[in-house]
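Q: The structure that follows is given in the form of structure tokens.
The values are calculated or read from the model by the stated rules, or taken from the named source; none is laboratory data. Everything numeric in this text was worked out from a predicted model, so none of it was measured. Backbone-built Cβ (ideal geometry, glycine too); neighbour counts: all protein chains shown. In case anyone asks, the SASA skips ligands and DNA or RNA and just uses the protein heavy atoms, side chains included. Shrake-Rupley method; radii C 1.70, N 1.55, O 1.52, S 1.80 Å.
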Amino acid sequence: MTASEGERPHRRPPAGFHPSHLSRRGDPLAALRTPDDPPWDVYLTGTVFLDIIFTGLDSAPVRGTESWARGMGSSPGGVANMATALARLGLRTSLAAAFGDDHYGEYCWDTLEHGEGIDLSTSRTVPDWHSPVTVSMAYEGERTMVSHGHEPPPEEPAPDCAPHARAAVASLVPGVRAPWIAQAASRGTRIFADVGWDDTGRWDLAGLADLEHCEAFLPNAEEAMRYTGADCPRAAAHALTDHVPLAVVTLGAEGAYAVDARTGESAEVPAIAVEALDPTGAGDVFVAGFVAGTLAGWPLADRLAFAGLTAALSVQEFGGSLSAPGWSEIAAWWRRVQSLDAQDPAALRRYAFLRDLLPEQEATPWPLRRAVPTIGFRRSA
């Protein structure tokens, strides 16, 4: 299965746009919403980067030479990747982050708040602090990144507690507790966790102390095997359910595998083969798709399939945040794959659950922002 490619222009939302319009175009929780709901579906906190992405490189840069990229994009990065992916799937998303008071910070804030409808009421602008920056180089289906940034000044307070939300996504750090995770879990917030590479080399699950508060843990195959000592990702997923109710292990080109210890159910869904332009942020988009399906109460295999689909669509655009698909892109993909003469019937059945989720046709789809080579051009109103 493939999806259509092609860059889209960087455009402002149409006149009269408001984030609440998202619910009229695609809201996976529409049937579940009540007046007593928390104000937010998902809460996140973390670092926002300004990402500069080079694509179209034939190989990694070679020392002492100059490489020219055939493509370039700029967009908010870091935790903005997942926040944008969640918001584009119709989830009411709140983000707490520090923003520099430079032009990069202003651009990222405007893009997330006004462009994507993300709540930034718990975020803050830090005076005289420059935005963290990442340069990402995509080639041969992989990426290499160089980042620069500083921690915000300690006198700049972070939120003491998370706002009430259905769910939160936490990035666990070995040996470090984040007090907001326990606090949010105690209020009924469902915690979904991922993890980065363990630079200590210990790979000790006991060091991920906040895992005890989590409903789901979503490492990649290498991380899962190192943390459990298992010799294959599927065995690692089962081992992780001794520590967390739901384990989801991403398998790269093979797809993903999940085990739910509460029901005894397991599921595996293959990846969708696409020609990747830029893999930046694909893991974040996968998590966002899985969170959306989980909050909506979908079957485990459907959640995996949907998460994999959103990630596959994202790698065909520049940038980690602004590559995330919305419901119009998902609908366009579904219409297109059904029209292919040689389509695998089994593959179509795997995604048949989309029929009940997608609008039949959107006359005026919301124009999603996409990454552009530079920022700061004057635009007409």
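Q: With the structure loaded, tell me whether Val259 is in contact (Cβ under 8 Å) with a residue 12 or more places away in the chain, in a strand (DSSP E or B), farther than 30 Å from Leu322 by Cβ and β-branched (Val, Ile, Thr) or whether it fails that test.
A: yes
Q: Also, I was wondering about something else. Does any residue in the stretch 66-93 that is part of a helix (DSSP H, G or I) come within less than 6 Å, Cβ to Cβ, of a residue that is among the aromatic types (Phe, Trp, Tyr) and open to solvent by 10 Å² or more (accessible area, probe 1.4 Å) six or more places away or on a different chain, and which pairs are these?
A: none
Q: crowded, with 18+ Cβ neighbours inside 10 Å, under 30 Å from Thr374 (Cα atoms) and of a type in the set (Phe, Trp, Tyr): is that true of Trp333 in this structure?
A: yes
Q: Six or more apart or on different chains, Cβ under 6 Å: which pairs go from a residue in the stretch 140-158 that's within 30 Å of Ala253 (Cβ to Cβ) and among the basic types (Lys, Arg) to one that's modelled with pLDDT of 75 or more and outside any strand (DSSP E or B)? Could you list them?
A: So the pair list comes out as Arg143/Pro279; Arg143/Thr280.
Q: Continuing with the same structure: Look through Phe290, Phe318 and report the one residue that is outside any strand (DSSP E or B), modelled with pLDDT of 95 or more and touching a Leu at 6+ places or on another chain (Cβ under 9 Å).
A: That would be Phe290, the only listed residue that is outside any strand (DSSP E or B), modelled with pLDDT of 95 or more and touching a Leu at 6+ places or on another chain (Cβ under 9 Å).
Q: Working only within the stretch 220-242, note down all residues that are farther than 21 Å from Arg262 by Cβ and either at pLDDT below 95 or among the charged types (D, E, K, R) (or both).
A: Glu222, Glu223, Arg226, Asp231
Q: Oh, and also: Ala301 fails exactly one of the following numbered conditions: (1) open to solvent by 10 Å² or more (accessible area, probe 1.4 Å); (2) in a loop (DSSP other than H, G, I, E, B); (3) at pLDDT 95 or above. What is the number of that condition?
A: (2)
Q: May I pose another question? Do any residues in the stretch 312-331 that are closer than 19 Å to Ala69 by Cβ and hydroxyl-bearing (Ser, Thr, Tyr) have Cβ atoms under 7 Å from those of residues that are open to solvent by less than 10 Å² (accessible area, probe 1.4 Å) and modelled with pLDDT of 90 or more, where the two are at least six apart or on different chains, and which pairs are they?
A: That search, which allows pairs on different chains as well, returns Ser323/Ser314.
Q: Take the residues of the stretch 103-143 that are part of a strand (DSSP E or B), over 24 Å from Tyr43 (Cβ atoms) and in contact with a Leu (Cβ under 9 Å, 6 or more places away or on another chain): which is modelled with the highest pLDDT?
A: Val133
Q: Would you mind stating whether His164 is open to solvent by 50 Å² or more (accessible area, probe 1.4 Å) and touching a helix residue (DSSP H, G or I) at 6+ places or on another chain (Cβ under 9 Å)?
A: yes
Q: Among the residues of the stretch 340-364 satisfying the criterion of being more than 15 Å from Ile272 (Cα to Cα) and open to solvent by 80 Å² or more (accessible area, probe 1.4 Å), which is modelled with the highest pLDDT?
A: Arg355
Q: Output the residues belonging to the stretch 218-241 that are out of contact with any Ser or Thr (no Cβ under 9 Å at 6 or more places or on another chain) and open to solvent by 20 Å² or more (accessible area, probe 1.4 Å).
A: Listed by number, the residues that qualify are Glu222, Met225, Arg226, Thr228, Gly229, Ala230, Asp231, Cys232, Thr241.
Q: Consider the stretch 27-50. How many of its residues are within 30 Å of Ala276 (Cβ to Cβ), at pLDDT 95 or above and of a type in the set (D, E, K, R)?
A: 1
Q: Further, regarding this structure: Taking the stretch 242-254 as the region of interest, how many residues are surrounded by 18 or more Cβ atoms within 10 Å (Cβ to Cβ) and of a type outside the set (S, T, N, Q)?
A: So the answer is 6.
Q: Take the residues in the stretch 321-334 that are part of a helix (DSSP H, G or I) and not hydroxyl-bearing (Ser, Thr, Tyr), then tell me which one is nearest to Asp27 (Cα to Cα).
A: Within the stretch 321-334, the match that is nearest to Asp27 (Cα to Cα) is Trp327.
Q: Then there's this: Search the stretch 200-224 for residues being out of contact with any His (no Cβ under 7 Å at 6 or more places or on another chain) and aliphatic (A, V, I, L, M), and hand back the single one that is nearest to Arg187 (Cα to Cα).
A: The residue in question is Ala216.
Q: Tell me, yes or no, whether the stretch 126-136 has at least one residue that is of a type in the set (Asp, Glu), more than 21 Å from Leu277 (Cβ to Cβ), surrounded by fewer than 18 Cβ atoms within 10 Å (Cβ to Cβ) and out of contact with any helix residue (DSSP H, G or I) (no Cβ under 9 Å at 6 or more places or on another chain).
A: Yes, there is a match, as at least one residue in the stretch 126-136 is of a type in the set (Asp, Glu), more than 21 Å from Leu277 (Cβ to Cβ), surrounded by fewer than 18 Cβ atoms within 10 Å (Cβ to Cβ) and out of contact with any helix residue (DSSP H, G or I) (no Cβ under 9 Å at 6 or more places or on another chain).
Q: What pairs come out if I take residues in the stretch 185-202 that are touching a residue at least 40 places away in the same chain (Cβ under 8 Å) and pair them with residues that are of a type outside the set (A, V, I, L, M, F, W, C) whose C-beta lies under 6 Å away, six or more apart or interchain?
A: Partner pairs satisfying both residue conditions: Arg190/Glu215; Asp194/Ser171.
Q: Return yes or no: is Ala237 over 17 Å from Ala97 (Cα atoms) and part of a strand (DSSP E or B)?
A: No.
Q: Right, something else. Please enumerate the residues belonging to the stretch 52-73 that are touching a Ser or Thr at 6+ places or on another chain (Cβ under 9 Å), open to solvent by 10 Å² or more (accessible area, probe 1.4 Å) and not aliphatic (A, V, I, L, M).
A: Correct list: Phe54, Asp58, Ser59, Pro61, Ser67, Arg70, Gly71.
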